[in-house]
Each structure stands twice: as structure tokens, then as C-alpha cells.
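Report on one structure; see the data block that follows.
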Amino acid sequence: MAIKTLRQLVSADSCKTLVVKVGSALLVDANGQPREEWLSGLSAEIAAMHAKGQRVVVVSSGAIALGASRLHLDKGGRANLADAQAAASVGQIGLAGLWSSKLQTHGLNAAQILVTVGDLEDRRRYLNASSTLERLLDCGVVPIVNENDSVATEEIRFGDNDRLAARVGQAAGADAVLLLSDVDGLMDRDPSQAGARLIPIVEGVTDDIRSMASGSSASGLGSGGMISKIQAAEIAERAGIALAIINGTRDHPVSAAVDADLGTLFIPTRQDGGRRAWLGGRIAPAGSLTVDEGCIAALAKGASLLAAGITKVDGSFQRGELVSIKDADGCAIAQGLVEYDAAVCAALSGKRHEEQAEVLGHAPRSAVVHRDQMVLL
């Protein structure tokens with residue numbers, strides 16, 4: 001059953017598996033202390049969903065904020081990478097214990113899963129994570145997922161739990177992802193501007209929808225913003241997963257939003273297969289290939305990327321790594337797994353198939369990025 005209303009998100013009939021993302025500012029107050037009463041209310045809601053046969057995965061921020069308070073670190077533990085990693089190391093214990101105690105009150109077991117970008121970007125590790133989530137859910141456990149900020153660096157991290165929630169939704173085979181935010185949903189302009197209007201339904205993310213997003217996080221505690229939520233919706237859409245943004249600041253936030261029918265629901269208009277959804281959702285390309293207009297037109301018709309259409313090569317990628325495919329303005333139009341390393345791509349760029357053997361010293365492969373290993377964005 002396709003999810004077309006917020007109420008269907010909390011119904012096991014239409015949403016067997018739901019991913020709920022909780023931001024730092026909702027779970028931790030300005031002094032770095034957990035908002036115990038609020039979390040008790042949300043835990044009760046999760047328990048009610050579980051009692052009705054719905055499987056729930058929680059993607060929870062808050063480790064850095066909790067740890068920074070315990071270590072008395074400046075700037076909420078985000079002054080530098082070393083502080084953030086130290087705060088996360090301490091805070092992860094507290095965060096897991098907090099969720100475990102609240103859910104145990106309702107007879108539910110919690111499990112902690114810490115992931116990095118690499119765990120979901122690498123196909124084998126992604127499948128391992130998917131298998132673990134499936135088994136935990138089958139056992140009636142509520143997985144609590146967070147980015148492993150104690151080891152992640154700026155270069156290899158999600159940086160926000162919105163996109164992480166969408167990727168976890170793919171791995172868990174979820175029907176929907178629910179992002180608890182500090183706003184009611186996507187507004188048609190900056191919420192501080194007069195006349196800003198909530199967009200209740202979005203059917204497919206377009207350039208117009210992207211233009212409505214703001215990158216700021218009102219609380220200063222989190223790392224996301226509306227831009228990351230739009231990106232999360234695009235990742236979810238590839239797997240046919242609905243995504244909703246609701247205001248999480250209220251007590252019993254899910255019930256409050258559903259009863260008021262207040263939020264933004266992104267209804268997917270496409271559904272890629274499992275591998276293509278995973279490929280399209282990857283966020284850390286090792287480099288990029290800029291292509292000409294003729295190549296762009298061919299890709300839109302389902303063709304593979306040939307060397308003749310490449311005008312520029314950036315990065316130091318190796319064969320088999322993810323590359324972004326861009327137009328002349330630098331806009332990403334596709335991404336896929338490359339058949340040559342960066343140096344060879346640069347040597348082959350602009351050359352037709354019959355010219356490539358002379359450069360390589362052997363017969364060239366059929367494409368630089370084969371259409372079976374590529375997705376349009």
C-alpha cells in the first residue's frame with residue numbers, strides 16, 4: 001500500500017518498517033542534559049507502534065552533545081575534530097543507556113549500531129548492516145543507529161543524520177522515514193519571512209523544491225538543515241521509501257503531528273532496484289568526470305559513458321570506485337562505478353573507441369562507466 005498521508009506512517013498495514021530520526025536539539029537541552037520527559041513520551045509512542053506490529057528503527061543524534069557536557073568541552077564539543085571524537089566516545093555510552101532504559105520501561109530491548117560512511121558505501125559491508133538490522137527487527141528489538149563520530153573524520157562522514165536515516169531506511173528495507181525536526185516541515189521560503197507557507201505533500205524532488213531549502217540549523221546543536229533533509233528525501237525516493245518531516249519539539253511529537261496532519265510528506269515517484277538504489281544513494285564519490293552535451297543527451301537515453309564524451313577528470317580514483325558525472329557547470333547528473341583509474345581516464349578523455357587501443361596498448365573496455373553500474377540523479 002502506497003503511503004500518502006502522515007497517519008499511514010504509524011500504521012503497520014501501510015508501513016511495516018519505519019525509521020525515526022531524532023536530532024540533537026530534541027534529545028539534549030542547551031546545557032547538554034538529556035530531555036528525559038520528552039524522550040519518555042517518544043519512547044511510549046514507539047512502544048505503541050511496536051505493539052501494533054510495526055517495526056521501528058531509531059537513528060539518534062546526541063552523542064557529541066551529551067559527551068561534551070560530561071567532559072566540559074567548549075562549543076558543544078564541536079570546536080575541533082579531536083573534541084568531537086572524544087565527546088562522541090563518552091556520549092555514545094550515555095546515549096545508548098538512555099534509549100535502553102526508556103524502551104525497557106515498555107518491555108522493549110534496544111540495540112546499538114554505530115556506522116560510518118564506509119559501512120554503507122561499501123556494498124559488502126552495506127549488505128552486512130542490512131542483515132544485522134533485519135535480524136534485530138525480527139527479534140523484536142529497536143535498533144538505535146548513530147554515526148560513529150568517535151572514528152569518523154570530516155572527509156569520510158555523513159555529517160548529518162538525515163541522510164544517514166535515509167540510507168538506514170534503504171538497508172532496513174523500510175517503508176518510510178520520519179525526520180523529527182525543529183520546524184513543521186518544508187516551507188516555500190525561509191520560515192522567518194512573512195507569508196512562508198508549509199508544503200504538505202511533495203511528489204518527487206525537483207529544482208523548485210531544492211530552492212526552498214535552507215542550510216541553517218536553528219538550534220546550533222545539530223549539523224543538518226533543510227538541505228540535508230531534501231537530500232535524504234532523494235536518497236529515500238530511489239528505494240521507493242516515503243519520507244516525512246514533522247515538528248519534534250512537542251510532547252509525544254509523532255501523535256501531535258499525525259493528529260494535526262501537520263508536516264511535509266515526500267511521496268516517491270520512482271523505485272530503483274536494490275543495487276541501483278544503493279548506488280544512487282552513495283554520497284562519497286572519489287572523483288568526477290565532466291562530460292559534454294552530446295554525452296549528457298546519450299546518458300539520458302540510457303547509454304553508457306564513453307571516453308569520447310569526457311572533457312575533464314578530477315580526483316585520484318581507482319578502477320571500481322564511485323565517480324560523479326557532471327555537466328560543464330559542475331552540476332552532478334549521474335554517478336557510477338568507473339572502469340579505469342583517474343590517470344587512464346584522463347589519457348582516454350575525448351578519444352573515440354578506435355583511438356583508445358593505441359593509448360592503452362590493448363583493446364579498451366566497452367565504456368568508462370557502464371550503464372549497468374550507473375544511475376542518473
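For the range 70-88, filtering for residues that are free of Cβ contacts under 8 Å to residues at least 12 places away in the same chain and not in a helix (DSSP H, G or I) leaves 3. Per the listing A244, A257, A233, the residue uniquely touching a Gly at 6+ places or on another chain (Cβ under 6 Å), modelled with pLDDT of 85 or more, closer than 30 Å to G76 by Cα and in a helix (DSSP H, G or I) is A257. The listed residues are R78, R35, and the only one of them that is touching an Asp or Glu at 6+ places or on another chain (Cβ under 6 Å), surrounded by fewer than 20 Cβ atoms within 10 Å (Cβ to Cβ), assigned by TED's automatic domain parsing to the domain that holds L114 and farther than 18 Å from A257 by Cα turns out to be R35.
Remark: pairs (first residue in the range 264-286, farther than 30 Å from D184 by Cβ; second residue surrounded by fewer than 17 Cβ atoms within 10 Å (Cβ to Cβ) and polar (S, T, N, Q); Cβ separation under 8 Å; 6+ apart in sequence or on different chains) = A286/S316; A286/Q318. Inspect the range 40-50 for any residue being assigned to a loop (DSSP other than H, G, I, E, B) and assigned by TED's automatic domain parsing to the domain that holds N148 and give the result as yes or no. Checked against the condition, which is being assigned to a loop (DSSP other than H, G, I, E, B) and assigned by TED's automatic domain parsing to the domain that holds N148, the range 40-50 yields no hits at all.
One residue alone among I3, I64, I46 is crowded, with 21+ Cβ neighbours inside 10 Å, in contact with a His (Cβ under 9 Å, 6 or more places away or on another chain) and not polar (S, T, N, Q), and that residue is I46. The set of residues in the range 19-33 that are modelled with pLDDT under 95 and either of a type outside the set (A, V, I, L, M) or over 23 Å from S89 (Cα atoms) (or both) comprises G23, S24, D29, N31, G32, Q33. Scanning the range 173-205 for residues that are surrounded by fewer than 14 Cβ atoms within 10 Å (Cβ to Cβ) and either in contact with a helix residue (DSSP H, G or I) (Cβ under 9 Å, 6 or more places away or on another chain) or modelled with pLDDT under 85 (or both) yields R189, D190, S192, Q193, A194, G195, A196, G204.
For the range 43-62, a residue qualifies if it is out of contact with any strand residue (DSSP E or B) (no Cβ under 7 Å at 6 or more places or on another chain), touching a residue at least 40 places away in the same chain (Cβ under 8 Å) and at negative phi, and the qualifying residues are S43, A44, E45, A47, K52.
Considering the range 41-80, and only residues there that are hydrophobic (A, V, I, L, M, F, W, C) and more than 23 Å from C139 (Cα to Cα), the residue that is modelled with the lowest pLDDT turns out to be A79.
For beta carbons closer than 6 Å, sequence separation of 6+ or different chains, a first residue in the range 125-152 that is part of a helix (DSSP H, G or I) and a second that is surrounded by fewer than 19 Cβ atoms within 10 Å (Cβ to Cβ), the qualifying pairs are R125/D119; A129/D119. Do you know which of the residues in the range 297-343 that are among the charged types (D, E, K, R) and either loosely packed, with under 14 Cβ neighbours inside 10 Å or assigned by TED's automatic domain parsing to the domain that holds L120 (or both) is nearest to V369 (Cα to Cα)? That would be R319.
The values are calculated or read from the model by the stated rules, or taken from the named source; none is laboratory data. These numbers were taken from a predicted model, which means no experiment stands behind them. Every residue, glycine among them, receives a Cβ derived from its backbone with ideal geometry; neighbour counts consider all protein chains shown.
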